[in-house]
Amino acid sequence: MAAPGQSQKGQPPVWCAALFALCPECGAPGLFEWPAKFRERCPSCGLDTGRYNVGDGPAAFLTMIIGTLLIAAALTLDNLLNPPFWVHVVLWVPLTFVAVIYGLRVAKAALLASEHQREAAEGKKRDD
């Protein structure tokens, strides 16, 4: 296993796999089937993504952070320029959607790559 912060040969670093949705095993793009849903297997190397327990853990945390930042930005824009209401709707609704989906993709890909790099697995009962 590689030292923390380094990757094994052919495997992208966690940050690179997260930002570009790369397979943590072979580095091929195409980790996601839908905006925030993993493919069952990597199209290049066949890595089974279902064996990792990524889930939707980061969803609530990311939504709160992104919501806080966007509300602060919306209030700042409103105080500085005082635009009509429709400008807020046209600007902030799509921006919120894009920010949450992209944030989920990055967080889920980072968790998957991190679990893969550290060879994490579900706990199993041992026969002693």
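Rule-based calculations on the coordinates, nothing more; no lab input. Nothing here was measured: the structure is a model prediction, and the numbers come from that model. Glycine gets a Cβ as well: all are built from the backbone with ideal geometry, and neighbour counts include every protein chain shown.
Give me the number: length gained by fully extending Glu33 to Val87, i.e. 0.36 nm times residue separation minus the C-alpha to C-alpha distance, one decimal in nm.
Gain in length upon complete extension: 16.2 nm.
In nm, to one decimal, how far is the modelled label at Phe61 from the one at Leu95, with both set 7 Å along Cα→Cβ?
With each label placed 7 Å out from Cα toward Cβ, I get 2.5 nm.
With contacts defined as alpha carbon pairs under 8 Å and 6 or more residues apart, what's the relative contact order of the chain in percent?
Contact order relative to length: 32 percent.
What's the FRET efficiency of Ala73 with Ala120 using the Cβ-Cβ distance as r and R₀ = 25 Å, to the nearest 0.05?
Taking R0 as 25 Å, the efficiency between Ala73 and Ala120 is 0.10.
Which far-off residues, 5 or more places away or on another chain, put their amide H under 5 Å from the one on Ala28, with H placed in the peptide plane?
Cys23
Could you tell me the extents of the chain's C-alpha atoms along the three principal axes, largest first, rounded to whole Å?
66, 33, 27
Using amide H atoms built 1.01 Å from N in the peptide plane, name the residues 5+ places from Phe38, or on other chains, whose amide H lies under 5 Å from its own.
When sequence neighbours closer than 5 places are left aside, the close amide H contacts are Glu33.
Rounded to whole Hz and in sequence order, give me ³J(HN,Hα) for region 98-114 from the Karplus expression 6.51 cos²θ - 1.76 cosθ + 1.60, θ = phi - 60°, writing x for Gly and Pro.
Each residue of region 98-114 in turn: 5, 5, 5, 5, 5, x, 5, 4, 5, 5, 5, 5, 5, 5, 5, 5, 5 Hz.
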